[in-house]
């Protein structure tokens with residue numbers, strides 16, 4: 001089995017963990033790319049799996065780094081939360097031989113493709129979590145038109161708008177009051193940021209539709225952000241088109257780790273109140 005070993009070498013402990021893991025990994029796999037700078041062109045290399053060291057941010061960056069040639073990702077959590085990474089460093093020594101033997105399950109997840117068009121040309125961005133349009137200095141109110149399959153759906157007024165995948169629904173979308181989507185659902189959730197209307201709520205719709213966004217009023221500081229990591233200035237002449245990408249993100253799941261268990265363990269979802277014991 002061929003493998004990529006990826007991660008964010010700028011995070012504490014990642015370089016040391018990679019050096020510790022590499023001899024063991026080479027006993028079981030052919031390491032075709034070893035990249036902790038997250039800059040390698042993975043389109044020129046082949047692998048059956050990608051091991052990613054770090055937190056969720058490292059996995060998001062690795063997904064975009066693989067582009068339209070996704071391979072299944074095994075996340076090894078060295079970050080704070082590790083929502084996408086099932087394993088700790090010590091778990092790898094037990095689980096990796098099973099992966100090499102093909103004893104693993106893969107879940108497939110929607111990715112988002114974002115086209116930003118203007119008179120200066122087009123820019124295409126690929127993401128796994130979300131596309132966020134956010135106001136910037138001097139932080140005036142934005143007015144954003146949303147069309148779905150060519151139909152005007154709403155004009156949002158506020159600090160911005162989040163278009164999230166199911167994977168990203170537990171990130172910025174959750175912080176903005178949006179709903180949690182089951183990770184393997186084929187849908188987008190659109191959540192306004194600090195809307196200036198009491199009637200503005202999140203909207204969930206199918207991923208096979210085309211979502212078009214136009215900023216009608218804003219400031220020079222308006223920004224479009226993908227996965228919280230890539231950004232570009234957004235002006236009123238830009239038109240943003242969001243759709244389901246032609247590739248899926250693939251995640252290797254450790255046995256006994258379900259999505260709802262992760263919600264409970266990592267986010268304390270449905271944790272009951274601490275009731276006083278009755279005498």
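Values in this text are rule-based calculations from the coordinates and carry no lab data. Computed from a prediction, not measured in an experiment: that's the story for all the values here. As a convention, Cβ positions derive from the backbone with ideal geometry for all residues, glycine included, and neighbour counts pool all protein chains shown.
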(request) Would you mind pulling out the separation of the Cα centroids of segment 23-46 and segment 69-96, in Å? (result) 15
(request) Using only Cα atoms, tell me the angle between helix 14-28 and the longest principal axis of the chain; keep it within 0 to 90° and round to the nearest 10. (result) 50
(request) Please give the helix 56-66 orientation as an angle from the longest Cα principal axis of the chain, in degrees from 0 to 90, rounded to the nearest 10. (result) 90
(request) Would you please put 181-187, 204-210 in order of how densely packed they are, using the mean number of other Cβ atoms within 10 angstrom per residue and starting with the highest? (result) 181-187, 204-210
(message) Once you place label points 7 Å from the Cα toward the Cβ at residue 151 and residue 217, how far apart are they in nm?
(response) 2.7
(request) Taking 7 Å along the Cα-to-C-beta vector as the label spot, tell me the residue 30-residue 204 distance in nanometres, rounded to one decimal. (result) 4.4
(request) Rounded, prolate or oblate: pick one for segment 53-172, where a ≥ b ≥ c are the square roots of the eigenvalues of its C-alpha gyration tensor, a/c under 1.5 means rounded, and failing that, prolate if a/b is larger than b/c, else oblate. (result) prolate
(message) Can you compute the helix-only [θ] at 222 nm over the chain? Use -39500 (n - 2.57) per DSSP H run of at least 4 residues, normalise by all residues, nearest 500 deg cm²/dmol.
(response) -5500 deg cm²/dmol
(request) Note down the nm distance, to one decimal, between modelled labels 7 Å out along Cα→Cβ at residue 266 and at residue 139. (result) 3.0
(request) Please list 238-244, 137-143, 162-168 highest first by mean number of surrounding beta-carbon atoms within 10 Å per residue. (result) 162-168, 238-244, 137-143
